[in-house]
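The values are calculated or read from the model by the stated rules, or taken from the named source; none is laboratory data. Bear in mind that the values here come from a model prediction, so they are computed numbers and not experimental data. Here Cβ is always computed from backbone atoms with ideal geometry, including for glycine, and neighbour counts include all displayed protein chains. Side chains are part of the model used for accessible areas, which takes the heavy atoms of the whole protein and leaves out ligands, DNA and RNA. Shrake-Rupley method; radii C 1.70, N 1.55, O 1.52, S 1.80 Å.
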Amino acid sequence: MDLRPRQRQSFSGFTQAEVEKMEHLHKESSEQSLNEEFYKKLARLFNRSSGRAGKPVVKWTEVQSWFEDRQRLGPSRETSRVATETAQIPEGGDDQDRRLEFEALSSKDGAWYDVETFLSHRLLSSGEVESLVRYVGLGAEEDEWVNVRNCVRERSVPLEDSECQKVKVGDLVVCFQERRDQARYYDAHVIEIRRRLHDIRGCRCIFMIQYDHDKIEEEVRLRRLCCRPSMLVESEED
């Protein structure tokens, strides 16, 4: 089957829910509280939300630009449309303020794909649970039964250029493998990192990875990597 991978597209705009969230935060926050860490935390919140599934990644600088433009415009006329959501992002991280998103491992090609919805569940005679999943951007003909324990997990997170230092040798990542006849997201481990100065193009570091499924080694840029959510949590704790 021709399962479509998660392409890293250029940013094309905020969703209505994201705009409402920012309107609410803009109303409740002081100008002093709108710092770089605030913008980064909010961008991570948006990128992990169910509404952003299958859409381009939001960069923290785009969030910053929205707030700066909003401050120049003055009070909003749309405050009556703002959703009744929590006004502040939790200090302990944004994990408490989002719906979990998932990815599933396809038995047809061994690659990971974003889950749009869980359609059904069944209990096997072995006691294992399987779920019928529909993948983001794909039709019903590509629905697949997957083992919940081994083949479903929280969605991997694309990394921004400023987050490259969070990737360490030995880390499990999801890498976009490009071949002549296919392009898929596979589990891989980082085996070497060559740090380089960033420039106007962003991160220029080189990551040597080894794919788990075929043991092939490859040099890749950061834009082809997604990290496990636990990696971000551990980095923030450090």
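Some observations on this one:
- Any chance Y186 is in contact with a His (Cβ under 9 Å, 6 or more places away or on another chain) and closer than 21 Å to P56 by Cα: yes
- Some residue of region 85-96 being modelled with pLDDT of 50 or more and either of a type outside the set (S, T, N, Q) or open to solvent by less than 70 Å² (accessible area, probe 1.4 Å) (or both): no
- Failed condition for V148, given (1) open to solvent by less than 50 Å² (accessible area, probe 1.4 Å); (2) β-branched (V, I, T); (3) modelled with pLDDT of 90 or more: (1)
- Candidates S131, S230, filtered to the one that is of a type in the set (S, T, N, Q) and in contact with a helix residue (DSSP H, G or I) (Cβ under 9 Å, 6 or more places away or on another chain): S131
- When the residues of region 190-218 are filtered to those that are of a type in the set (V, I, T) and more than 15 Å from G170 (Cα to Cα), the one that is nearest to the chain's Cα centre (by Cα) is I200.
- Some residue of region 153-163 being open to solvent by 80 Å² or more (accessible area, probe 1.4 Å) and either part of a strand (DSSP E or B) or in contact with an Asp or Glu (Cβ under 9 Å, 6 or more places away or on another chain) (or both): no
- If the condition is being in contact with a strand residue (DSSP E or B) (Cβ under 7 Å, 6 or more places away or on another chain) and open to solvent by 80 Å² or more (accessible area, probe 1.4 Å), then region 169-191 contributes only V169.
- C175 being in contact with a helix residue (DSSP H, G or I) (Cβ under 6 Å, 6 or more places away or on another chain), among the hydrophobic types (A, V, I, L, M, F, W, C) and closer than 20 Å to Y113 by Cβ: yes
- Members of region 199-212 found to be at pLDDT below 90 and open to solvent by 20 Å² or more (accessible area, probe 1.4 Å), listed by number: D199, I200, R201
- Complete set of residues in region 109-127 that are in a loop (DSSP other than H, G, I, E, B) and modelled with pLDDT under 90: D109, L124, S125, S126, G127
- Condition broken by Y135, with the remaining ones in (1) under 30 Å from R221 (Cβ atoms); (2) hydroxyl-bearing (S, T, Y); (3) open to solvent by 60 Å² or more (accessible area, probe 1.4 Å) satisfied: (3)
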